[in-house]
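**Student:** Dropping a structure here in C-alpha coordinates format, bear with me for questions.
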(Lines give C-alpha, C1' and ligand atoms only; values in the text may rest on other atoms or scores of the structure.)
Protein backbone atom coordinates (compact mmCIF):
# COMPACT_ATOMS: atom_id res chain seq x y z
CA UNK A 1 0.00 0.00 0.00
CA UNK A 2 1.30 3.43 -0.88
CA UNK A 3 1.78 5.78 2.03
CA UNK A 4 -0.30 8.58 0.59
CA UNK A 5 -3.35 6.69 -0.58
CA UNK A 6 -6.37 8.13 -2.32
CA UNK A 7 -8.30 7.96 0.95
CA UNK A 8 -5.79 10.30 2.63
CA UNK A 9 -6.11 12.74 -0.28
CA UNK A 10 -9.91 12.59 -0.13
CA UNK A 11 -9.78 13.17 3.64
CA UNK A 12 -7.78 16.34 3.16
CA UNK A 13 -10.26 17.52 0.50
CA UNK A 14 -13.25 16.87 2.71
CA UNK A 15 -11.80 18.69 5.67
CA UNK A 16 -11.13 21.77 3.54
CA UNK A 17 -14.69 21.78 2.21
CA UNK A 18 -14.46 19.61 -0.92
CA UNK A 19 -16.80 16.63 -1.14
CA UNK A 20 -19.20 17.77 1.58
CA UNK A 21 -22.15 17.60 -0.84
CA UNK A 22 -22.16 13.84 -0.49
CA UNK A 23 -22.60 14.13 3.29
CA UNK A 24 -19.72 11.75 3.98
CA UNK A 25 -16.61 12.66 5.97
CA UNK A 26 -13.65 10.47 5.04
CA UNK A 27 -11.15 9.90 7.86
CA UNK A 28 -7.74 8.31 7.43
CA UNK A 29 -5.95 6.91 10.48
CA UNK A 30 -2.14 6.82 10.37
CA UNK A 31 -1.10 3.54 11.99
CA UNK A 32 2.18 1.68 11.38
CA UNK A 33 3.42 -1.52 9.76
CA UNK A 34 1.38 -4.70 9.58
CA UNK A 35 3.69 -6.58 11.98
CA UNK A 36 2.78 -4.50 15.04
CA UNK A 37 -0.39 -3.58 16.93
CA UNK A 38 -1.02 -0.07 15.57
CA UNK A 39 -2.43 -1.41 12.31
CA UNK A 40 -4.99 -3.92 13.70
CA UNK A 41 -5.93 -1.47 16.47
CA UNK A 42 -6.40 1.31 13.89
CA UNK A 43 -8.44 -1.05 11.73
CA UNK A 44 -10.72 -1.68 14.70
CA UNK A 45 -11.08 2.05 15.34
CA UNK A 46 -11.98 2.55 11.67
CA UNK A 47 -14.66 -0.13 11.96
CA UNK A 48 -16.13 1.49 15.08
CA UNK A 49 -16.29 4.95 13.52
CA UNK A 50 -17.65 3.75 10.19
CA UNK A 51 -20.33 1.71 11.95
CA UNK A 52 -21.36 3.99 14.81
CA UNK A 53 -20.68 7.60 13.70
CA UNK A 54 -23.25 8.72 11.14
CA UNK A 55 -21.75 10.17 7.95
CA UNK A 56 -18.20 8.95 8.66
CA UNK A 57 -16.14 6.54 6.60
CA UNK A 58 -12.81 5.72 8.27
CA UNK A 59 -9.85 3.74 6.92
CA UNK A 60 -6.61 2.61 8.62
CA UNK A 61 -3.47 3.57 6.65
CA UNK A 62 -0.14 1.72 6.69
CA UNK A 63 2.55 4.33 7.52
CA UNK A 64 6.03 4.59 8.99
CA UNK A 65 4.36 4.95 12.44
CA UNK A 66 4.77 7.54 15.21
CA UNK A 67 7.17 10.19 13.87
CA UNK A 68 5.67 10.05 10.41
CA UNK A 69 2.12 10.11 11.82
CA UNK A 70 2.82 13.41 13.60
CA UNK A 71 4.14 14.93 10.37
CA UNK A 72 1.23 13.61 8.29
CA UNK A 73 -1.36 14.98 10.72
CA UNK A 74 0.39 18.34 10.83
CA UNK A 75 0.38 18.56 7.02
CA UNK A 76 -3.23 17.39 6.72
CA UNK A 77 -2.35 14.23 4.81
CA UNK A 78 -4.06 12.16 7.50
CA UNK A 79 -6.66 13.17 10.07
CA UNK A 80 -5.82 10.90 13.00
CA UNK A 81 -2.45 9.45 14.05
CA UNK A 82 -1.43 6.68 16.43
CA UNK A 83 1.68 7.90 18.21
CA UNK A 84 3.90 7.05 21.18
CA UNK A 85 3.62 9.59 23.98
CA UNK A 86 7.25 10.71 23.83
CA UNK A 87 6.98 11.30 20.09
CA UNK A 88 3.72 13.24 20.48
CA UNK A 89 5.34 15.51 23.07
CA UNK A 90 8.42 16.06 20.89
CA UNK A 91 6.25 16.89 17.88
CA UNK A 92 4.03 19.25 19.84
CA UNK A 93 7.04 21.12 21.23
CA UNK A 94 9.24 20.86 18.13
CA UNK A 95 11.98 18.81 19.79
CA UNK A 96 14.36 16.03 18.70
CA UNK A 97 13.57 14.72 15.20
CA UNK A 98 11.09 17.57 14.63
CA UNK A 99 13.96 20.06 14.45
CA UNK A 100 12.42 23.09 16.12
CA UNK A 101 9.07 22.96 14.29
CA UNK A 102 6.05 22.81 16.59
CA UNK A 103 3.50 20.55 14.93
CA UNK A 104 -0.21 21.41 14.94
CA UNK A 105 -1.53 18.40 16.83
CA UNK A 106 -3.62 17.73 19.92
CA UNK A 107 -4.50 14.59 21.84
CA UNK A 108 -7.83 12.87 21.27
CA UNK A 109 -7.51 9.69 23.36
CA UNK A 110 -5.07 7.42 25.11
CA UNK A 111 -4.72 4.01 23.48
CA UNK A 112 -2.62 1.52 25.49
CA UNK A 113 0.96 1.26 26.83
CA UNK A 114 3.84 0.18 24.60
CA UNK A 115 6.60 -1.94 26.05
CA UNK A 116 10.14 -1.85 24.71
CA UNK A 117 10.94 -5.42 23.64
CA UNK A 118 14.58 -5.96 22.72
CA UNK A 119 14.81 -9.40 21.15
CA UNK A 120 17.71 -11.69 20.36
CA UNK A 121 18.06 -15.43 19.78
CA UNK A 122 19.27 -17.36 22.79
CA UNK A 123 22.12 -18.82 20.77
CA UNK A 124 23.58 -15.30 20.25
CA UNK A 125 24.79 -15.22 23.86
CA UNK A 126 23.62 -11.60 24.22
CA UNK A 127 22.11 -10.95 27.66
CA UNK A 128 22.42 -7.19 28.18
CA UNK A 129 21.29 -4.21 26.08
CA UNK A 130 24.75 -2.69 26.21
CA UNK A 131 26.08 -5.66 24.21
CA UNK A 132 24.56 -4.13 21.05
CA UNK A 133 27.91 -2.37 20.62
CA UNK A 134 29.65 -3.89 17.63
CA UNK A 135 26.55 -5.83 16.56
CA UNK A 136 24.18 -5.65 13.58
CA UNK A 137 20.78 -4.60 14.89
CA UNK A 138 17.43 -3.16 13.84
CA UNK A 139 16.16 -0.25 15.93
CA UNK A 140 12.92 -0.03 13.93
CA UNK A 141 12.00 1.53 10.62
CA UNK A 142 12.86 5.20 9.93
CA UNK A 143 10.09 7.51 11.12
CA UNK A 144 8.74 4.97 13.60
CA UNK A 145 8.21 5.43 17.32
CA UNK A 146 10.28 2.30 17.90
CA UNK A 147 13.31 3.90 16.25
CA UNK A 148 12.69 7.13 18.19
CA UNK A 149 12.47 5.22 21.50
CA UNK A 150 15.43 2.95 20.78
CA UNK A 151 17.68 5.91 20.02
CA UNK A 152 16.47 7.74 23.15
CA UNK A 153 17.19 4.66 25.29
CA UNK A 154 20.64 4.13 23.73
CA UNK A 155 21.49 7.78 24.30
CA UNK A 156 20.44 7.58 27.97
CA UNK A 157 22.67 4.54 28.41
CA UNK A 158 25.65 6.13 26.65
CA UNK A 159 25.48 3.80 23.64
CA UNK A 160 26.74 5.90 20.73
CA UNK A 161 25.01 5.67 17.34
CA UNK A 162 28.23 4.72 15.59
CA UNK A 163 28.91 1.80 17.91
CA UNK A 164 26.46 -0.56 16.18
CA UNK A 165 25.33 -1.30 12.61
CA UNK A 166 21.67 -0.30 12.43
CA UNK A 167 19.61 -1.80 9.58
CA UNK A 168 16.43 0.10 10.64
CA UNK A 169 13.91 -2.49 9.47
CA UNK A 170 10.16 -2.89 9.83
CA UNK A 171 8.83 -5.31 12.47
CA UNK A 172 8.29 -8.12 9.98
CA UNK A 173 11.70 -7.52 8.37
CA UNK A 174 13.35 -7.43 11.81
CA UNK A 175 11.87 -10.81 12.74
CA UNK A 176 13.01 -12.28 9.42
CA UNK A 177 16.51 -10.83 9.84
CA UNK A 178 16.82 -12.37 13.31
CA UNK A 179 15.59 -15.67 11.89
CA UNK A 180 18.14 -15.52 9.07
CA UNK A 181 21.02 -14.36 11.28
CA UNK A 182 21.64 -11.11 9.39
CA UNK A 183 21.11 -9.14 12.61
CA UNK A 184 21.71 -10.15 16.23
CA UNK A 185 19.30 -7.79 18.03
CA UNK A 186 15.88 -6.42 17.08
CA UNK A 187 13.90 -3.70 18.83
CA UNK A 188 10.13 -3.43 19.08
CA UNK A 189 8.12 -0.82 20.98
CA UNK A 190 4.63 -2.27 20.88
CA UNK A 191 1.91 -3.69 23.08
CA UNK A 192 2.81 -7.15 24.43
CA UNK A 193 1.84 -10.10 22.30
CA UNK A 194 2.73 -8.63 18.90
CA UNK A 195 2.39 -11.05 15.98
CA UNK A 196 5.89 -10.68 14.49
CA UNK A 197 7.63 -11.66 17.76
CA UNK A 198 5.11 -14.43 18.45
CA UNK A 199 5.77 -15.92 15.01
CA UNK A 200 9.53 -15.77 15.54
CA UNK A 201 9.20 -17.45 18.95
CA UNK A 202 7.32 -20.40 17.44
CA UNK A 203 10.34 -21.41 15.36
CA UNK A 204 13.33 -20.08 17.34
CA UNK A 205 14.36 -19.83 20.98
CA UNK A 206 14.28 -16.11 21.76
CA UNK A 207 15.48 -13.98 24.64
CA UNK A 208 13.93 -10.61 25.51
CA UNK A 209 16.64 -8.52 27.14
CA UNK A 210 15.91 -7.37 30.68
CA UNK A 211 16.91 -3.89 31.85
CA UNK A 212 18.70 -3.57 35.18
CA UNK A 213 17.37 -1.22 37.88
CA UNK A 214 20.29 1.10 37.19
CA UNK A 215 19.55 1.20 33.47
CA UNK A 216 15.85 1.88 34.09
CA UNK A 217 16.77 4.75 36.42
CA UNK A 218 19.02 6.32 33.78
CA UNK A 219 16.39 6.00 31.04
CA UNK A 220 13.40 7.26 33.01
CA UNK A 221 15.52 10.10 34.37
CA UNK A 222 16.41 11.19 30.84
CA UNK A 223 12.92 10.81 29.29
CA UNK A 224 10.06 11.79 31.59
CA UNK A 225 7.34 10.09 29.49
CA UNK A 226 9.03 6.68 29.95
CA UNK A 227 8.45 4.36 32.92
CA UNK A 228 9.81 1.09 34.26
CA UNK A 229 7.42 -1.83 33.72
CA UNK A 230 7.50 -5.62 33.48
CA UNK A 231 6.67 -7.60 30.37
CA UNK A 232 4.62 -10.46 31.76
CA UNK A 233 5.92 -14.00 31.61
CA UNK A 234 4.16 -16.36 29.24
CA UNK A 235 3.39 -13.78 26.56
CA UNK A 236 5.89 -15.40 24.18
CA UNK A 237 6.94 -19.03 23.94
CA UNK A 238 10.05 -19.67 26.02
CA UNK A 239 9.85 -16.33 27.90
CA UNK A 240 8.28 -17.65 31.07
CA UNK A 241 9.33 -15.08 33.67
CA UNK A 242 8.56 -11.31 33.84
CA UNK A 243 11.12 -9.16 32.01
CA UNK A 244 11.87 -5.65 33.41
CA UNK A 245 11.76 -3.14 30.59
CA UNK A 246 10.62 0.38 29.61
CA UNK A 247 7.05 1.45 28.87
CA UNK A 248 5.38 4.46 27.25
CA UNK A 249 1.72 5.28 26.64
CA UNK A 250 0.35 5.55 23.11
CA UNK A 251 -1.83 8.51 22.22
CA UNK A 252 -4.28 9.06 19.38
CA UNK A 253 -3.52 12.52 17.98
CA UNK A 254 -5.67 14.72 15.75
CA UNK A 255 -5.14 17.77 13.61
CA UNK A 256 -5.45 20.82 15.82
CA UNK A 257 -7.98 22.40 13.41
CA UNK A 258 -10.32 19.39 13.31
CA UNK A 259 -13.96 20.29 14.01
CA UNK A 260 -14.92 20.10 17.71
CA UNK A 261 -18.24 18.34 17.11
CA UNK A 262 -16.60 15.73 14.88
CA UNK A 263 -13.92 14.89 17.46
CA UNK A 264 -16.62 14.82 20.16
CA UNK A 265 -18.57 12.20 18.18
CA UNK A 266 -15.48 10.17 17.34
CA UNK A 267 -14.11 9.96 20.87
CA UNK A 268 -17.53 9.12 22.33
CA UNK A 269 -17.90 6.29 19.84
CA UNK A 270 -14.43 5.06 20.77
CA UNK A 271 -15.23 4.95 24.48
CA UNK A 272 -18.82 3.72 24.12
CA UNK A 273 -17.78 0.78 21.95
CA UNK A 274 -14.56 -0.19 23.69
CA UNK A 275 -15.81 -3.79 24.03
CA UNK A 276 -16.08 -4.04 20.25
CA UNK A 277 -12.56 -2.68 19.87
CA UNK A 278 -11.25 -5.16 22.45
CA UNK A 279 -12.39 -8.00 20.18
CA UNK A 280 -9.91 -6.67 17.62
CA UNK A 281 -7.13 -6.38 20.20
CA UNK A 282 -7.27 -6.75 24.02
CA UNK A 283 -4.97 -3.73 24.52
CA UNK A 284 -8.03 -1.56 23.82
CA UNK A 285 -9.02 -2.23 27.45
CA UNK A 286 -6.80 0.77 28.29
CA UNK A 287 -8.71 3.14 25.97
CA UNK A 288 -10.80 4.86 28.64
CA UNK A 289 -11.85 8.45 29.45
CA UNK A 290 -9.98 8.26 32.76
CA UNK A 291 -6.70 7.35 31.05
CA UNK A 292 -7.03 10.35 28.73
CA UNK A 293 -6.65 12.53 31.81
CA UNK A 294 -3.98 10.44 33.51
CA UNK A 295 -1.59 9.84 30.64
CA UNK A 296 -2.04 12.35 27.81
CA UNK A 297 1.40 13.89 27.13
CA UNK A 298 0.00 16.92 25.27
CA UNK A 299 -3.16 19.08 25.54
CA UNK A 300 -6.49 17.55 24.59
CA UNK A 301 -8.64 18.58 21.63
CA UNK A 302 -11.72 20.67 22.58
CA UNK A 303 -13.95 17.84 21.30
CA UNK A 304 -12.40 15.42 23.78
CA UNK A 305 -12.66 17.98 26.57
CA UNK A 306 -16.38 18.40 25.83
CA UNK A 307 -16.91 14.62 25.98
CA UNK A 308 -14.98 14.34 29.25
CA UNK A 309 -16.93 17.17 30.91
CA UNK A 310 -20.21 15.49 29.97
CA UNK A 311 -18.97 12.42 31.83
CA UNK A 312 -18.22 14.48 34.92
CA UNK A 313 -14.45 14.26 34.50
CA UNK A 314 -12.47 17.37 35.37
CA UNK A 315 -9.86 18.39 32.84
CA UNK A 316 -6.74 19.98 34.38
CA UNK A 317 -5.57 23.28 32.94
CA UNK A 318 -2.35 21.72 31.68
CA UNK A 319 -4.37 19.59 29.25
CA UNK A 320 -6.40 22.49 27.85
CA UNK A 321 -5.14 23.87 24.51
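**Student:** Being over 23 Å from residue 72 (Cβ atoms) and surrounded by 22 or more Cβ atoms within 10 Å (Cβ to Cβ) is true for just one of 206, 216, 253. Which residue is that? Walk me through it before giving the result.
**Tutor:** Numbers: 216 fails: surrounded by 22 or more Cβ atoms within 10 Å (Cβ to Cβ); 253 fails: over 23 Å from residue 72 (Cβ atoms).
After ruling out the rest, the residue left standing is 206.
**Student:** Would you say residue 268 is closer than 30 Å to residue 51 by Cα and touching a helix residue (DSSP H, G or I) at 6+ places or on another chain (Cβ under 9 Å)? Outline the logic, then answer.
**Tutor:** Working: closer than 30 Å to residue 51 by Cα: yes; touching a helix residue (DSSP H, G or I) at 6+ places or on another chain (Cβ under 9 Å): yes.
In short, yes.
**Student:** Given the criteria over 18 Å from residue 255 (Cβ atoms), in a loop (DSSP other than H, G, I, E, B) and in contact with a strand residue (DSSP E or B) (Cβ under 6 Å, 6 or more places away or on another chain), does residue 137 qualify? Break it down into steps so the answer makes sense when it comes.
**Tutor:** Working: over 18 Å from residue 255 (Cβ atoms): yes; in a loop (DSSP other than H, G, I, E, B): no; in contact with a strand residue (DSSP E or B) (Cβ under 6 Å, 6 or more places away or on another chain): yes.
No: the conditions fail for residue 137.
**Student:** Sticking with this structure for a sec: Taking residue 303 as the residue in question, decide whether it is touching a helix residue (DSSP H, G or I) at 6+ places or on another chain (Cβ under 6 Å) and without any contact (Cβ under 8 Å) to a residue 24 or more places away in the chain.
**Tutor:** On the way: touching a helix residue (DSSP H, G or I) at 6+ places or on another chain (Cβ under 6 Å): yes; without any contact (Cβ under 8 Å) to a residue 24 or more places away in the chain: no.
Taking the combined requirement at face value, the residue does not satisfy it.
**Student:** Right, next: Residue 184 versus (1) crowded, with 20+ Cβ neighbours inside 10 Å; (2) in the same structural domain as residue 118 (by TED's automatic domain parsing); (3) over 19 Å from residue 128 (Cβ atoms); (4) at pLDDT 95 or above: which is the lone unmet condition?
**Tutor:** (3)
**Student:** Could you grab me the full set of residues in segment 47-87 that are in a helix (DSSP H, G or I) and more than 16 Å from the chain's Cα centre (by Cα)? I'd like the intermediate steps shown before the answer.
**Tutor:** Within segment 47-87, the first condition is being in a helix (DSSP H, G or I), and the residues that meet it are 47-52, 66-75, 85-87.
Those that are in a helix (DSSP H, G or I) and more than 16 Å from the chain's Cα centre (by Cα): 47, 48, 49, 50, 51, 52, 74, 75.
**Student:** Right, here's the next one. Please tell me if residue 217 is assigned by TED's automatic domain parsing to the domain that holds residue 146 and part of a loop (DSSP other than H, G, I, E, B). Talk me through it step by step, then tell me what you get.
**Tutor:** Values: assigned by TED's automatic domain parsing to the domain that holds residue 146: yes; part of a loop (DSSP other than H, G, I, E, B): no.
Taking the combined requirement at face value, the residue does not satisfy it.
**Student:** In segment 119-131, is there at least one residue being closer than 21 Å to residue 95 by Cβ, modelled with pLDDT of 95 or more and outside the structural domain of residue 42 (by TED's automatic domain parsing)?
**Tutor:** First, the residues of segment 119-131 that are closer than 21 Å to residue 95 by Cβ: none.
No, there is no match, as no residue in segment 119-131 is closer than 21 Å to residue 95 by Cβ, modelled with pLDDT of 95 or more and outside the structural domain of residue 42 (by TED's automatic domain parsing).
**Student:** crowded, with 18+ Cβ neighbours inside 10 Å and touching a strand residue (DSSP E or B) at 6+ places or on another chain (Cβ under 9 Å), is that true of residue 277?
**Tutor:** On the way: crowded, with 18+ Cβ neighbours inside 10 Å: yes; touching a strand residue (DSSP E or B) at 6+ places or on another chain (Cβ under 9 Å): no.
When the stated conditions are applied, residue 277 does not pass them.
**Student:** Out of the residues in segment 143-169 that are modelled with pLDDT of 95 or more and in a loop (DSSP other than H, G, I, E, B), which is surrounded by the most Cβ atoms within 10 Å (Cβ to Cβ)?
**Tutor:** My answer is 169.
**Student:** Please identify the pairs in which a residue from segment 268-288 that is outside the structural domain of residue 195 (by TED's automatic domain parsing) and free of Cβ contacts under 8 Å to residues at least 24 places away in the same chain has its Cβ atom under 9 Å from the Cβ atom of a residue that is assigned to a helix (DSSP H, G or I) and exposed (fewer than 15 other Cβ atoms within 10 Å of the Cβ), counting only partners at least 6 apart or on another chain.
**Tutor:** What qualifies is 274/285; 278/285.
**Student:** In segment 91-114, is there at least one residue being touching a helix residue (DSSP H, G or I) at 6+ places or on another chain (Cβ under 8 Å), more than 30 Å from residue 29 (Cβ to Cβ) and modelled with pLDDT of 95 or more?
**Tutor:** Within segment 91-114, not a single residue is touching a helix residue (DSSP H, G or I) at 6+ places or on another chain (Cβ under 8 Å), more than 30 Å from residue 29 (Cβ to Cβ) and modelled with pLDDT of 95 or more.
**Student:** In addition: Let me spell it out: the conditions are (1) modelled with pLDDT of 95 or more; (2) under 19 Å from the mean Cα position of the chain (by Cα), and residue 278 meets all of them except one. Which number is the exception?
**Tutor:** (1)
**Student:** Give the number of residues within segment 130-142 that are surrounded by fewer than 24 Cβ atoms within 10 Å (Cβ to Cβ), within 10 Å of residue 159 (Cβ to Cβ) and under 25 Å from the mean Cα position of the chain (by Cα).
**Tutor:** Qualifying residue count for the region: 1.
**Student:** Could I ask something else about it? So which helices (runs of 4 or more DSSP H) are wholly in segment 244-321 and hold at least 3 residues that are farther than 14 Å from residue 111 by Cα? Give the derivation first.
**Tutor:** Working: elements: 260-272, 274-280, 289-295, 302-310.
Answer list for segment 244-321: 260-272, 302-310.
**Student:** Additional query: Which residue, of 239, 243, 315, is in contact with a strand residue (DSSP E or B) (Cβ under 9 Å, 6 or more places away or on another chain), crowded, with 17+ Cβ neighbours inside 10 Å, farther than 26 Å from residue 68 by Cα and assigned by TED's automatic domain parsing to the domain that holds residue 93?
**Tutor:** On the way: 239 fails: assigned by TED's automatic domain parsing to the domain that holds residue 93; 243 fails: assigned by TED's automatic domain parsing to the domain that holds residue 93.
Only one candidate passes the filter, namely 315.
The values are calculated or read from the model by the stated rules, or taken from the named source; none is laboratory data. Fair warning: this is a prediction, and the values are worked out from it, not measured in the lab. For neighbour counting, all protein chains shown are included, and Cβ atoms are generated from backbone atoms with ideal geometry for every residue, glycine included.
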